[in-house]
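See structure below.
The values are calculated or read from the model by the stated rules, or taken from the named source; none is laboratory data. A quick note: this is a predicted structure, and the numbers were derived from the prediction, not measured. Please note: Cβ atoms are built from the backbone with ideal geometry, for glycine as well, and neighbour counts cover all protein chains shown.
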Amino acid sequence: MSKSILILGAGESGVGAAKLALALGNTPYVSESGQGKAHFISELDSAGVAYETGGHTPEKWPAVTTVIKSPGIPDTSPTVINLKKNGAEVISEIEFASRHASGKVVAITGANGKTTTTAMIHRMLTDAGINTTCVGNIGPSWARDLAERKTDAEVTVVEASSFQLDGTTSFRPDVAVLLNITPDHLDRYDYKMENYAASKWKITQFQTEKDFLVYNSDDNEIEKLISNKGTDARLAPVSSIKSLQPDLIDQENFHAGLTNKKKEFTIHTPHKKPFSMTIQKLALQGKHNLFNSMAASVTGRILELRSEGIRESLTHFEGVEHRLEYVATINNIRFINDSKATNVNSVWYALECMKTPVVWIAGGIDKGNNYQDLLPLVEEKVKHLVCLGKDNSKLIETFSSKVETVHMAETAEEAVQIAYDLGLPNETVLLSPACASFDIFGSYEERGNKFKNAVKGL
């Protein structure tokens, strides 16, 4: 039976939801508070979807029981509150898509490492010849993928943010991967870590004993959630710090840890030969990428991928755009694009990887950041700070005494030129903002692309 569906937001998730609603025989209506991006509006026009831009006008809306909201709209929005008061079900796009998908679902979340781990898992599945698709933050919206694909994927790999998880009411991945929970987006969660953690935990909230939760056993916040909230899923703990102790392994479950004097990691697979891999053979190096690789490997083994196939995929994995992406070396100065590093922990990982003195480009919209954890690394590795953003006062206050010089830039081109002038041979210019991009740029992708273009224009 056809029904009307209200969609709040005309971005990728909103347009994808509209297309899926149409494909299911329903009538979508899209309400966009801003003007909307031209290419998305054009898609709505081509599909014959009714919409409004420039503000929400409830009097124009059809009577609906289901509302799909953009991840950027918080539950505290007066519009959302009023819709719920009137009895409407308000859900996220991934919740909507999950209700109409077949095949297995792997969902990945965490403050850091989501995109890399998602890409790794997708690469493993693709290399194994499995009909798979990669959706969410890393690709098209899940709803769009379902609407436009001719056949459902055998496995759908979903990168899920806390904002997307907030609007889930039954989302149940076959394998959930929880990488870490460190402070991020706290401005969205009343500056309370427990609220943000609860949002991340929704990735496993509706799982059953048939499903798996791959999780970071080194993360205190996750361990607290397991103890306090619990899950029905089968637990698959992963540690990139601790050695795997054979006598402590639950023979019925998956475990991962370090072996051979921490030169290898090993995945214990119930009733099968363990999978081991030398850390030095991983395509992506660094402590954070070691964990990402381990989490992806455990997921691969749960999905019954061959050990040699996993090993081959991890050996040749090329990384993802805007995450510690090498751009160029000019006059022996390396330029690294880490625009996706929108929180403090991501920057910590980036700086930890740097082997040469750094000219650090940072700034944007502060999300309630506490920069204290960065102070030792900045003092050790950063020579100059270039602030790219409208309000750099917090960055300046925190780091001005820890670096040789601090500079201001209003554009990516200006930031790159300043950094280049400051840099010396055998040093690195690192764009790793620690902040959201929306004060100057439309997205972290736009920020990263403008950085790369500016480097190429030197």
**Report entry** N337 vs. criteria outside the structural domain of G286 (by TED's automatic domain parsing) and at positive phi
**Finding:** no
Report summary line: In segment 306-332, anything out of contact with any Phe, Trp or Tyr (no Cβ under 7 Å at 6 or more places or on another chain) and surrounded by 21 or more Cβ atoms within 10 Å (Cβ to Cβ) is listed as S313, L314, F317, R323, L324
Query raised in the report: Do any residues in segment 137-162 that are over 16 Å from V15 (Cα atoms) have Cβ atoms under 6 Å from those of residues that are polar (S, T, N, Q) and assigned to a loop (DSSP other than H, G, I, E, B), where the two are at least six apart or on different chains, and which pairs are they?
Result: D152/S102; A153/N131; E154/N131; E159/N137; S161/N137
Report task. Would you mention how many residues in segment 75-122 are part of a helix (DSSP H, G or I), of a type in the set (S, T, Y) and either more than 13 Å from the chain's Cα centre (by Cα) or not assigned by TED's automatic domain parsing to the domain that holds C134 (or both)? Result -> 2
Query raised in the report: How many residues are under 16 Å from the mean Cα position of the chain (by Cα) and farther than 14 Å from V378 by Cβ when one looks only at segment 346-357?
Result: 1
Report task. Using the structure shown, decide if V64 is of a type in the set (V, I, T), assigned to a loop (DSSP other than H, G, I, E, B) and crowded, with 16+ Cβ neighbours inside 10 Å. Result -> yes
Report summary line: Of (1) assigned to a helix (DSSP H, G or I); (2) in contact with an Asp or Glu (Cβ under 8 Å, 6 or more places away or on another chain); (3) modelled with pLDDT under 90, N195 fails just (2)
Requested in this report: Looking only at segment 413-450, count how many residues are within 17 Å of I330 (Cβ to Cβ) and assigned to a loop (DSSP other than H, G, I, E, B).
Outcome: 4
Query raised in the report: What do you reckon, is L385 part of a strand (DSSP E or B), of a type outside the set (K, R) and buried (at least 18 other Cβ atoms within 10 Å of the Cβ)?
Result: yes
Query raised in the report: Under the condition of being surrounded by fewer than 24 Cβ atoms within 10 Å (Cβ to Cβ) and of a type outside the set (K, R), which residue from segment 168-179 is nearest to the chain's Cα centre (by Cα)?
Result: T168
